[in-house]
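Novice: Below you'll find the structure I mean.
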Amino acid sequence: NEPYGATQYGAPGFPPAPGAGFGPTRPGELLPRLGARIIDALIVGIPMAILTSIVVFGSDSGFMAFVMSVLSGVAAFAYWTYFESTKGATIGKKLLGLSVVGPGGGLPTREEAAKRNAFVALQILSGIPFLGWLVSLASFVAWIGIAVTIEQDSGKQGFHDKFAGGTRVVKS
């Protein structure tokens, strides 16, 4: 007899089966995840592009272009990290019916969200003269690697999810 009429999951003495109990368990597919990233990139990118245009063209300074590149990267990284660790989803993910769960099934921690979005922070370095193109190439390779690992993994986890300790994007 369980207290309050609750039903126990799993056999006595064993932990619940993976996915048993509450919460979403179906993995999010690649295309909706990509769509959510694009929506979120527009949410962060459009205001930052407008601000960058005003600052850089107003000052005509290479240094200010670098500063705005750093700020854009920080804004993007902070956006994904904040929303995933506090809300479980960014605006784009919410619109497309997705959410991020931590390895334990709840919200990812700030550290887990930061690790899974570390590749976004590469943008911070893209404004360095003569190095920016190499950083952009590394970022592009990271995006391709993530897409390939999501498609090849039975649980639809990209290498960034595994790097973060086992976060998952699931259908909400």
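Novice: Does Ile54 fit the bill of being surrounded by fewer than 16 Cβ atoms within 10 Å (Cβ to Cβ), at pLDDT 85 or above and over 29 Å from Ile144 (Cβ atoms)?
Specialist: When the stated conditions are applied, Ile54 passes them.
Novice: Further question on the same structure: Would you confirm, using the coordinates I've provided, whether Ile46 is under 19 Å from the mean Cα position of the chain (by Cα), modelled with pLDDT of 95 or more and loosely packed, with under 11 Cβ neighbours inside 10 Å?
Specialist: Against the criterion (under 19 Å from the mean Cα position of the chain (by Cα), modelled with pLDDT of 95 or more and loosely packed, with under 11 Cβ neighbours inside 10 Å), Ile46 qualifies.
Novice: Please go through region 81-90 and give me each residue that is assigned to a helix (DSSP H, G or I) and surrounded by fewer than 16 Cβ atoms within 10 Å (Cβ to Cβ), ordered by number.
Specialist: Tyr82, Thr86
Novice: Within region 26-43, does at least one residue satisfy the condition of being more than 26 Å from Ser99 (Cβ to Cβ), β-branched (Val, Ile, Thr) and surrounded by 15 or more Cβ atoms within 10 Å (Cβ to Cβ)?
Specialist: No, there is no match, as no residue in region 26-43 is more than 26 Å from Ser99 (Cβ to Cβ), β-branched (Val, Ile, Thr) and surrounded by 15 or more Cβ atoms within 10 Å (Cβ to Cβ).
Novice: Among the numbered criteria (1) farther than 27 Å from Ala164 by Cβ; (2) touching a Phe, Trp or Tyr at 6+ places or on another chain (Cβ under 9 Å); (3) not β-branched (Val, Ile, Thr), which single criterion is violated by Arg37?
Specialist: Of everything listed in (1) farther than 27 Å from Ala164 by Cβ; (2) touching a Phe, Trp or Tyr at 6+ places or on another chain (Cβ under 9 Å); (3) not β-branched (Val, Ile, Thr), Arg37 misses just condition (1).
Novice: What pairs come out if I take residues in region 146-169 that are free of Cβ contacts under 8 Å to residues at least 24 places away in the same chain and farther than 15 Å from Leu31 by Cβ and pair them with residues that are crowded, with 19+ Cβ neighbours inside 10 Å and of a type in the set (A, V, I, L, M, F, W, C) whose C-beta lies under 9 Å away, six or more apart or interchain?
Specialist: If the second residue must be crowded, with 19+ Cβ neighbours inside 10 Å and of a type in the set (A, V, I, L, M, F, W, C), the pairs left are Phe159/Ile146; Phe159/Ile150.
Novice: Filtering region 136-172 down to residues that are hydroxyl-bearing (Ser, Thr, Tyr) and touching a Pro at 6+ places or on another chain (Cβ under 7 Å), which residue is modelled with the highest pLDDT?
Specialist: Out of the qualifying residues, it is Thr167.
Novice: Tell me which of these Leu131 doesn't satisfy, since it passes every other one: (1) over 19 Å from Gly45 (Cα atoms); (2) at pLDDT below 95; (3) out of contact with any Leu (no Cβ under 8 Å at 6 or more places or on another chain).
Specialist: Condition (3) is where Leu131 drops out.
Novice: Let me ask something else. Is it the case that region 99-117 has a residue that's under 23 Å from Ile54 (Cα atoms), β-branched (Val, Ile, Thr) and over 11 Å from the mean Cα position of the chain (by Cα)?
Specialist: Taking every residue of region 99-117 in turn, none turns out to be under 23 Å from Ile54 (Cα atoms), β-branched (Val, Ile, Thr) and over 11 Å from the mean Cα position of the chain (by Cα).
The values are calculated or read from the model by the stated rules, or taken from the named source; none is laboratory data. As the structure is a prediction and not an experimental result, all values here were calculated from the model. Quick reminder, even Gly has a Cβ in these numbers, built from the backbone with ideal geometry, and neighbours come from all protein chains shown.
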